[in-house]
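Report on the structure given below.
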Amino acid sequence: MSLLDLETPCLILDRTRLERNAKRMTRRYEGTGVQVRPHMKTAKSISVGRIAIEGNFGGVTVSTLKEAEYFADNGINDITYAVSMVPDKFPRVAALIKRGVSLTAVTDQIPIAEATSRLALDEGLVVDMLIELDSGERRAGVLAESDELIELGKRLHELPGTRLRGVLTHAGNSYQGRSIEEIRQIAEAERLCAVTAAERLRAAGLPAEVVSVGSTPTATHFASIEGLTEMRCGVYMFGDVFQSEIQSCALDDIAVSVLATVIGHRPDLNSALIDAGALALSKDRSTGAAGLPEDIGFGMVMDVSGQRRIDRVKVGHVYQEHGMLVSEGSFPFDQLPVGSRVRVLPNHVCMTAAMYDGYHVVKGTDDSEIEFWPRINGW
(Lines give C-alpha, C1' and ligand atoms only; values in the text may rest on other atoms or scores of the structure.)
Protein backbone atom coordinates (compact mmCIF):
# COMPACT_ATOMS: atom_id res chain seq x y z
CA MET A 1 0.00 0.00 0.00
CA SER A 2 1.16 3.52 -0.80
CA LEU A 3 -0.28 6.98 -0.22
CA LEU A 4 -2.07 6.66 -3.55
CA ASP A 5 -4.04 3.69 -2.19
CA LEU A 6 -5.44 5.39 0.92
CA GLU A 7 -8.97 6.74 1.12
CA THR A 8 -9.00 10.49 1.60
CA PRO A 9 -9.06 12.64 3.57
CA CYS A 10 -6.78 10.92 6.04
CA LEU A 11 -4.08 11.88 8.50
CA ILE A 12 -0.44 11.20 7.62
CA LEU A 13 2.30 11.06 10.27
CA ASP A 14 5.95 11.18 9.32
CA ARG A 15 7.64 8.99 11.93
CA THR A 16 11.10 10.27 11.01
CA ARG A 17 10.13 13.85 11.81
CA LEU A 18 8.21 12.82 14.93
CA GLU A 19 11.22 10.99 16.36
CA ARG A 20 13.53 13.88 15.51
CA ASN A 21 11.22 16.40 17.19
CA ALA A 22 10.81 14.26 20.30
CA LYS A 23 14.55 13.68 20.68
CA ARG A 24 15.28 17.38 20.28
CA MET A 25 13.06 18.32 23.22
CA THR A 26 14.34 15.44 25.36
CA ARG A 27 17.95 16.46 24.76
CA ARG A 28 17.18 20.10 25.50
CA TYR A 29 16.35 19.21 29.11
CA GLU A 30 18.64 16.22 29.56
CA GLY A 31 20.83 16.66 32.64
CA THR A 32 19.17 19.93 33.70
CA GLY A 33 17.14 18.53 36.58
CA VAL A 34 13.93 19.49 34.78
CA GLN A 35 11.82 16.48 33.86
CA VAL A 36 9.95 16.45 30.55
CA ARG A 37 6.36 15.31 31.05
CA PRO A 38 4.97 15.28 27.49
CA HIS A 39 1.43 16.56 27.04
CA MET A 40 -0.56 13.99 25.08
CA LYS A 41 -3.69 16.08 24.40
CA THR A 42 -2.75 16.50 20.73
CA ALA A 43 -1.35 13.06 19.93
CA LYS A 44 -3.80 10.92 21.96
CA SER A 45 -1.87 7.84 20.84
CA ILE A 46 0.16 5.35 22.84
CA SER A 47 2.44 4.75 19.85
CA VAL A 48 3.30 8.45 19.79
CA GLY A 49 3.43 8.52 23.58
CA ARG A 50 6.09 5.85 23.76
CA ILE A 51 8.30 7.84 21.40
CA ALA A 52 7.72 11.03 23.42
CA ILE A 53 8.65 9.50 26.79
CA GLU A 54 11.74 7.71 25.51
CA GLY A 55 14.75 9.10 27.34
CA ASN A 56 12.51 10.84 29.89
CA PHE A 57 11.18 9.65 33.23
CA GLY A 58 8.00 8.12 31.83
CA GLY A 59 5.21 10.39 33.03
CA VAL A 60 2.72 12.19 30.81
CA THR A 61 0.24 15.05 30.96
CA VAL A 62 -3.37 14.72 29.78
CA SER A 63 -6.30 17.07 29.38
CA THR A 64 -9.16 14.57 29.62
CA LEU A 65 -9.89 11.60 31.83
CA LYS A 66 -10.45 9.49 28.74
CA GLU A 67 -6.82 10.17 27.87
CA ALA A 68 -5.78 9.27 31.41
CA GLU A 69 -7.70 5.98 31.26
CA TYR A 70 -6.34 5.17 27.80
CA PHE A 71 -2.70 5.78 28.70
CA ALA A 72 -3.11 3.89 31.97
CA ASP A 73 -4.59 0.97 30.01
CA ASN A 74 -1.41 1.05 27.94
CA GLY A 75 0.97 0.94 30.87
CA ILE A 76 1.69 4.59 31.67
CA ASN A 77 1.03 5.08 35.36
CA ASP A 78 2.38 8.56 36.19
CA ILE A 79 -0.19 11.04 34.90
CA THR A 80 -0.96 14.70 35.53
CA TYR A 81 -4.56 15.60 34.73
CA ALA A 82 -3.98 19.25 33.89
CA VAL A 83 -7.55 20.54 33.81
CA SER A 84 -9.29 21.96 36.88
CA MET A 85 -10.76 19.19 39.01
CA VAL A 86 -14.53 19.17 39.57
CA PRO A 87 -16.48 16.79 41.85
CA ASP A 88 -18.45 15.03 39.11
CA LYS A 89 -15.15 13.80 37.62
CA PHE A 90 -14.04 12.30 40.92
CA PRO A 91 -15.36 8.73 40.45
CA ARG A 92 -13.13 8.28 37.41
CA VAL A 93 -10.17 9.85 39.21
CA ALA A 94 -10.73 7.51 42.14
CA ALA A 95 -10.94 4.48 39.87
CA LEU A 96 -7.58 5.36 38.32
CA ILE A 97 -5.90 5.82 41.69
CA LYS A 98 -7.35 2.54 42.98
CA ARG A 99 -5.84 0.64 40.08
CA GLY A 100 -2.38 1.97 40.99
CA VAL A 101 -2.07 5.04 38.80
CA SER A 102 -0.10 7.91 40.29
CA LEU A 103 -2.54 10.60 39.19
CA THR A 104 -2.12 14.27 40.09
CA ALA A 105 -5.03 16.68 39.75
CA VAL A 106 -5.10 20.48 39.75
CA THR A 107 -7.32 23.16 41.22
CA ASP A 108 -7.44 26.89 41.88
CA GLN A 109 -10.55 26.80 44.10
CA ILE A 110 -10.85 26.17 47.85
CA PRO A 111 -14.41 24.72 47.53
CA ILE A 112 -13.10 22.20 45.00
CA ALA A 113 -10.26 21.26 47.34
CA GLU A 114 -12.76 20.68 50.15
CA ALA A 115 -15.13 18.66 47.96
CA THR A 116 -12.27 16.56 46.64
CA SER A 117 -11.11 15.81 50.17
CA ARG A 118 -14.60 14.70 51.24
CA LEU A 119 -15.00 12.43 48.24
CA ALA A 120 -11.51 11.01 48.68
CA LEU A 121 -12.17 10.18 52.34
CA ASP A 122 -15.34 8.36 51.35
CA GLU A 123 -13.20 6.18 49.07
CA GLY A 124 -10.32 5.81 51.52
CA LEU A 125 -7.99 7.78 49.24
CA VAL A 126 -5.66 10.76 49.30
CA VAL A 127 -5.44 12.74 46.04
CA ASP A 128 -2.23 14.46 44.99
CA MET A 129 -2.94 18.07 43.99
CA LEU A 130 -1.18 20.95 42.29
CA ILE A 131 -2.27 24.57 42.56
CA GLU A 132 -2.95 26.07 39.16
CA LEU A 133 -1.39 29.48 38.58
CA ASP A 134 -2.20 32.24 36.11
CA SER A 135 1.14 33.27 34.61
CA GLY A 136 -0.35 35.58 31.99
CA GLU A 137 -2.85 33.62 29.93
CA ARG A 138 -5.75 34.92 32.05
CA ARG A 139 -7.66 31.66 31.71
CA ALA A 140 -7.53 29.81 35.02
CA GLY A 141 -5.34 29.88 38.11
CA VAL A 142 -4.49 32.03 41.10
CA LEU A 143 -1.82 34.74 41.03
CA ALA A 144 1.60 33.92 42.45
CA GLU A 145 1.60 36.95 44.77
CA SER A 146 -1.99 36.53 45.96
CA ASP A 147 -3.34 35.67 49.38
CA GLU A 148 -5.49 33.04 47.66
CA LEU A 149 -2.36 31.04 46.86
CA ILE A 150 -1.42 30.60 50.50
CA GLU A 151 -5.01 30.05 51.64
CA LEU A 152 -5.52 27.33 49.04
CA GLY A 153 -2.15 25.79 49.79
CA LYS A 154 -3.01 25.55 53.50
CA ARG A 155 -6.33 23.89 52.79
CA LEU A 156 -4.85 21.33 50.41
CA HIS A 157 -2.11 20.57 52.94
CA GLU A 158 -4.39 20.33 55.95
CA LEU A 159 -7.36 18.52 54.44
CA PRO A 160 -7.20 14.76 55.12
CA GLY A 161 -8.14 13.70 51.57
CA THR A 162 -5.70 15.84 49.59
CA ARG A 163 -1.92 16.13 49.43
CA LEU A 164 -0.32 19.36 48.21
CA ARG A 165 2.53 18.63 45.82
CA GLY A 166 3.28 22.01 44.31
CA VAL A 167 2.25 24.36 41.52
CA LEU A 168 1.47 24.22 37.82
CA THR A 169 1.06 26.88 35.14
CA HIS A 170 0.72 27.11 31.38
CA ALA A 171 1.84 30.12 29.36
CA GLY A 172 -0.76 29.81 26.64
CA ASN A 173 -0.22 33.50 25.99
CA SER A 174 3.11 32.52 24.42
CA TYR A 175 1.10 31.79 21.27
CA GLN A 176 0.64 35.53 20.96
CA GLY A 177 4.39 36.08 20.75
CA ARG A 178 5.69 37.14 17.35
CA SER A 179 9.43 36.90 17.90
CA ILE A 180 11.79 34.63 19.80
CA GLU A 181 12.69 37.49 22.12
CA GLU A 182 9.05 38.14 22.93
CA ILE A 183 8.46 34.44 23.61
CA ARG A 184 11.53 34.37 25.87
CA GLN A 185 10.08 37.25 27.86
CA ILE A 186 6.81 35.33 28.25
CA ALA A 187 8.77 32.22 29.23
CA GLU A 188 10.61 34.15 31.91
CA ALA A 189 7.32 35.51 33.26
CA GLU A 190 6.01 31.94 33.33
CA ARG A 191 9.09 30.73 35.19
CA LEU A 192 9.02 33.60 37.69
CA CYS A 193 5.34 33.02 38.38
CA ALA A 194 5.84 29.34 39.15
CA VAL A 195 9.06 29.77 41.14
CA THR A 196 7.67 32.72 43.13
CA ALA A 197 4.55 30.76 44.05
CA ALA A 198 6.57 27.72 45.10
CA GLU A 199 8.89 29.85 47.23
CA ARG A 200 5.96 31.58 48.94
CA LEU A 201 4.36 28.22 49.73
CA ARG A 202 7.63 26.92 51.19
CA ALA A 203 8.07 30.11 53.24
CA ALA A 204 4.62 29.44 54.71
CA GLY A 205 5.72 25.96 55.75
CA LEU A 206 3.92 24.23 52.90
CA PRO A 207 5.30 21.64 50.45
CA ALA A 208 6.06 22.60 46.86
CA GLU A 209 8.24 19.87 45.42
CA VAL A 210 6.69 20.18 41.94
CA VAL A 211 7.19 23.40 39.97
CA SER A 212 5.59 22.58 36.64
CA VAL A 213 5.42 24.79 33.53
CA GLY A 214 5.22 24.35 29.83
CA SER A 215 4.01 25.26 26.40
CA THR A 216 5.81 24.38 23.19
CA PRO A 217 6.94 27.97 22.46
CA THR A 218 8.29 28.57 25.96
CA ALA A 219 9.77 25.08 26.31
CA THR A 220 11.63 25.71 23.04
CA HIS A 221 12.94 29.17 23.92
CA PHE A 222 13.42 29.37 27.72
CA ALA A 223 16.47 31.45 28.58
CA SER A 224 16.43 30.24 32.21
CA ILE A 225 14.88 27.19 33.87
CA GLU A 226 16.20 27.91 37.36
CA GLY A 227 13.82 26.69 40.06
CA LEU A 228 11.69 24.57 37.73
CA THR A 229 11.23 20.82 38.13
CA GLU A 230 8.98 19.88 35.24
CA MET A 231 8.29 20.82 31.61
CA ARG A 232 4.91 19.98 30.08
CA CYS A 233 4.65 20.56 26.34
CA GLY A 234 2.99 18.60 23.58
CA VAL A 235 2.61 20.07 20.11
CA TYR A 236 6.40 20.03 19.64
CA MET A 237 6.08 16.35 18.69
CA PHE A 238 4.12 17.21 15.54
CA GLY A 239 4.57 20.91 14.84
CA ASP A 240 2.22 22.84 12.56
CA VAL A 241 2.24 25.89 10.33
CA PHE A 242 1.37 28.23 13.18
CA GLN A 243 4.25 26.89 15.29
CA SER A 244 6.56 27.53 12.34
CA GLU A 245 5.24 31.09 12.10
CA ILE A 246 6.16 31.82 15.72
CA GLN A 247 9.48 29.99 15.28
CA SER A 248 8.82 27.05 17.59
CA CYS A 249 9.71 24.74 14.72
CA ALA A 250 10.77 24.81 11.09
CA LEU A 251 8.48 23.92 8.22
CA ASP A 252 10.44 20.72 7.65
CA ASP A 253 9.79 19.70 11.26
CA ILE A 254 6.03 19.43 10.68
CA ALA A 255 5.25 15.72 11.06
CA VAL A 256 1.48 15.64 10.45
CA SER A 257 -0.36 16.40 7.24
CA VAL A 258 -3.75 15.71 5.70
CA LEU A 259 -3.78 13.66 2.51
CA ALA A 260 -6.49 14.94 0.18
CA THR A 261 -7.66 14.34 -3.38
CA VAL A 262 -8.35 16.97 -6.03
CA ILE A 263 -12.04 16.43 -6.85
CA GLY A 264 -12.81 19.27 -9.23
CA HIS A 265 -11.55 22.18 -11.33
CA ARG A 266 -13.12 25.61 -11.61
CA PRO A 267 -11.20 27.44 -14.35
CA ASP A 268 -13.78 30.24 -14.25
CA LEU A 269 -12.86 30.84 -10.61
CA ASN A 270 -9.13 30.09 -11.01
CA SER A 271 -9.47 27.40 -8.37
CA ALA A 272 -9.73 23.69 -7.67
CA LEU A 273 -11.51 21.65 -5.02
CA ILE A 274 -10.20 19.00 -2.66
CA ASP A 275 -12.10 16.54 -0.47
CA ALA A 276 -10.69 18.01 2.76
CA GLY A 277 -12.77 20.82 4.20
CA ALA A 278 -13.38 22.42 7.58
CA LEU A 279 -13.86 19.10 9.38
CA ALA A 280 -10.71 17.58 7.90
CA LEU A 281 -8.46 20.63 8.25
CA SER A 282 -10.10 22.78 10.98
CA LYS A 283 -11.05 26.42 10.55
CA ASP A 284 -7.85 27.80 12.03
CA ARG A 285 -6.16 30.25 9.67
CA SER A 286 -2.48 31.06 9.47
CA THR A 287 -1.40 34.41 10.88
CA GLY A 288 1.32 35.47 8.49
CA ALA A 289 3.57 36.06 11.49
CA ALA A 290 7.35 36.42 11.56
CA GLY A 291 8.27 32.91 10.48
CA LEU A 292 6.01 32.91 7.41
CA PRO A 293 5.20 36.42 6.19
CA GLU A 294 2.14 35.41 4.17
CA ASP A 295 -1.34 34.19 4.94
CA ILE A 296 -1.56 30.63 3.62
CA GLY A 297 -5.25 30.34 4.47
CA PHE A 298 -6.44 27.09 6.03
CA GLY A 299 -3.34 25.00 5.32
CA MET A 300 -0.13 24.85 3.32
CA VAL A 301 -0.49 22.78 0.14
CA MET A 302 2.35 20.33 -0.57
CA ASP A 303 2.83 17.67 -3.20
CA VAL A 304 1.88 14.06 -2.40
CA SER A 305 5.36 13.37 -0.99
CA GLY A 306 4.96 16.20 1.50
CA GLN A 307 8.37 17.55 0.50
CA ARG A 308 7.59 20.26 -2.04
CA ARG A 309 5.20 23.16 -1.67
CA ILE A 310 2.84 23.74 -4.60
CA ASP A 311 3.90 27.24 -5.58
CA ARG A 312 1.39 30.05 -4.96
CA VAL A 313 -1.43 27.59 -4.06
CA LYS A 314 -3.21 27.69 -0.71
CA VAL A 315 -6.45 26.50 0.86
CA GLY A 316 -8.33 29.75 0.47
CA HIS A 317 -11.76 28.64 1.67
CA VAL A 318 -13.20 25.68 3.56
CA TYR A 319 -16.70 24.29 3.60
CA GLN A 320 -17.74 21.29 5.66
CA GLU A 321 -16.33 18.66 3.27
CA HIS A 322 -14.79 20.84 0.54
CA GLY A 323 -11.57 22.78 0.50
CA MET A 324 -11.01 25.36 -2.22
CA LEU A 325 -7.49 25.68 -3.55
CA VAL A 326 -6.74 29.15 -4.86
CA SER A 327 -3.69 30.75 -6.43
CA GLU A 328 -2.32 34.27 -6.54
CA GLY A 329 -1.55 33.83 -10.25
CA SER A 330 -2.87 31.46 -12.86
CA PHE A 331 -3.92 28.24 -11.16
CA PRO A 332 -1.57 25.32 -12.02
CA PHE A 333 -4.29 22.93 -13.20
CA ASP A 334 -1.66 20.89 -15.06
CA GLN A 335 0.16 20.16 -11.76
CA LEU A 336 -3.06 19.26 -9.95
CA PRO A 337 -5.30 17.26 -12.28
CA VAL A 338 -8.58 15.85 -10.98
CA GLY A 339 -7.76 12.68 -9.04
CA SER A 340 -4.28 13.81 -8.03
CA ARG A 341 -3.30 14.06 -4.39
CA VAL A 342 -1.87 16.73 -2.14
CA ARG A 343 -0.68 16.87 1.45
CA VAL A 344 -1.96 19.83 3.48
CA LEU A 345 0.13 20.95 6.44
CA PRO A 346 -2.28 22.01 9.21
CA ASN A 347 -2.31 25.42 10.82
CA HIS A 348 -3.40 23.99 14.19
CA VAL A 349 -2.54 20.31 14.41
CA CYS A 350 -4.44 19.78 17.69
CA MET A 351 -7.76 20.70 16.07
CA THR A 352 -6.98 18.92 12.81
CA ALA A 353 -5.95 15.61 14.42
CA ALA A 354 -9.07 15.59 16.60
CA MET A 355 -11.26 14.61 13.66
CA TYR A 356 -9.41 11.37 12.90
CA ASP A 357 -9.33 7.93 14.48
CA GLY A 358 -5.68 7.35 13.73
CA TYR A 359 -2.48 8.12 11.85
CA HIS A 360 -1.22 6.55 8.64
CA VAL A 361 2.48 6.41 9.44
CA VAL A 362 5.25 6.79 6.87
CA LYS A 363 9.01 7.23 7.22
CA GLY A 364 9.96 10.37 5.34
CA THR A 365 9.33 9.84 1.65
CA ASP A 366 9.13 6.05 2.08
CA ASP A 367 5.46 5.07 1.93
CA SER A 368 6.07 1.45 0.95
CA GLU A 369 5.13 0.16 4.42
CA ILE A 370 2.37 2.31 5.90
CA GLU A 371 1.44 1.53 9.49
CA PHE A 372 -1.80 2.60 11.17
CA TRP A 373 -1.58 3.97 14.70
CA PRO A 374 -4.98 4.37 16.41
CA ARG A 375 -5.75 7.42 18.53
CA ILE A 376 -8.62 8.22 20.87
CA ASN A 377 -11.01 11.14 21.01
CA GLY A 378 -13.66 12.32 23.44
CA TRP A 379 -13.71 13.05 27.15
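The values are calculated or read from the model by the stated rules, or taken from the named source; none is laboratory data. None of the values given here were measured: they were computed from a predicted structure. So basically every Cβ, Gly included, is an ideal-geometry build from the backbone, and we count neighbours across all protein chains shown. For accessibility, only protein heavy atoms count, side chains too; no ligands or nucleic acids. Shrake-Rupley method; radii C 1.70, N 1.55, O 1.52, S 1.80 Å.
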Rounded to a whole %, the carbon-and-sulfur portion of the accessible area of the chain at a 1.4 Å probe is 49
In the neighbourhood of G172 defined by beta carbon distances under 11 Å, the net charge of the other residues (Lys, Arg +1; Asp, Glu -1) is -1
With every protein chain in place, the accessible area of T365 for a 1.4 Å probe, in Å² rounded to the nearest 10, comes to 100
Taking only protein heavy atoms and a 1.4 Å probe, the highest-to-lowest accessible-area order of M1, M25 is M1, M25
Asserting the computed 222 nm helical MRE of the chain (DSSP H runs at least 4 long, -39500 (n - 2.57) per run, divided by residue count, to nearest 500) equals -8500 deg cm²/dmol
The size of the Cβ-based charge dipole (Lys, Arg +1; Asp, Glu -1) of region 67-221 about the Cα centre, to the nearest 20 debye, is 180
Between T16 and S330, the FRET efficiency computed from the C-beta separation at R0 = 35 Å comes out, to the nearest 0.05, as 0.50
The answer for the chain, accessible area per residue at 1.4 Å probe in Å², is 41
Taking T216, T8 and ranking on accessible area (1.4 Å, protein atoms only), highest first, one gets T8, T216
Cross-link reach from K154 to lysines, straight Cα distance under 25 Å and at least 8 residues apart if same chain, gives K89
With label points set 7 Å from each Cα along the Cα-to-Cβ direction at I263 and A204, the distance between them in nm comes to 5.7
By the mean-Cβ-within-10 Å protection proxy, highest first, 356-362, 229-235 rank as 229-235, 356-362
Pseudo-spin-label distance K363 to R138, built 7 Å along Cα→Cβ, given in nm, is 4.9
Rounded to the nearest 5, the percent of antiparallel DSSP beta bridges in region 268-379 equals 95
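First measure r as the distance between the Cβ atoms of R28 and E294, then evaluate 1/(1 + (r/R0)^6) with R0 = 35 Å and state the FRET efficiency to the nearest 0.05.
The computed FRET efficiency comes out at 0.75.
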Gyration tensor on Cα atoms of region 327-379, a ≥ b ≥ c root eigenvalues, a/c under 1.5 rounded, else prolate if a/b beats b/c, else oblate, says oblate
Per the C-alpha gyration tensor (a ≥ b ≥ c, the square roots of its eigenvalues), the chain is rounded if a/c is under 1.5, else prolate if a/b beats b/c, else oblate; here it's prolate
The base-10 log of I(q)/I(0) that the Debye equation returns for region 21-98 at q = 0.14 Å⁻¹, one scatterer per C-alpha, is -0.46
For region 52-115, listing trypsin sites (Lys or Arg not before Pro) in a DSSP loop whose Cβ sees at most 14 other Cβ atoms within 10 Å gives R99
1/(1 + (r/R0)^6) with r = Cβ-Cβ of S2 and M355, R0 = 25 Å, i.e. FRET efficiency to nearest 0.05, evaluates to 0.60
Where a ≥ b ≥ c are root eigenvalues of the Cα gyration tensor, a/c under 1.5 meaning rounded, otherwise prolate if a/b exceeds b/c and oblate otherwise, region 66-184 counts as oblate
Bridge orientation stat for region 121-172 from DSSP, antiparallel percent rounded to 5, came to 0
quick note, the chain, DSSP beta bridge pairs, % antiparallel (nearest 5) is 50
The lysines whose Cα lies under 22 Å from the Cα of K283, excluding any fewer than 8 residues away in the same chain, are K41, K44, K314
A chain fully extended from R308 to W373 at 0.36 nm per residue, minus the present Cα-Cα distance, gains in nm 20.9 nm
So E151 and I110, fully extended at 0.36 nm per residue minus their Cα-Cα distance, gain in nm 14.0 nm
Each label sits 7 Å from Cα toward the beta-carbon; between K283 and H317 the label points are separated, in nm, by 1.5
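Kindly rank 27-36, 176-185 from highest to lowest mean number of other beta carbons found within 10 Å of each residue. Spell out each step's value before the answer.
Details: 27-36: 15.4, 176-185: 17.2.
With the highest mean Cβ count within 10 Å placed first, the list reads 176-185, 27-36.
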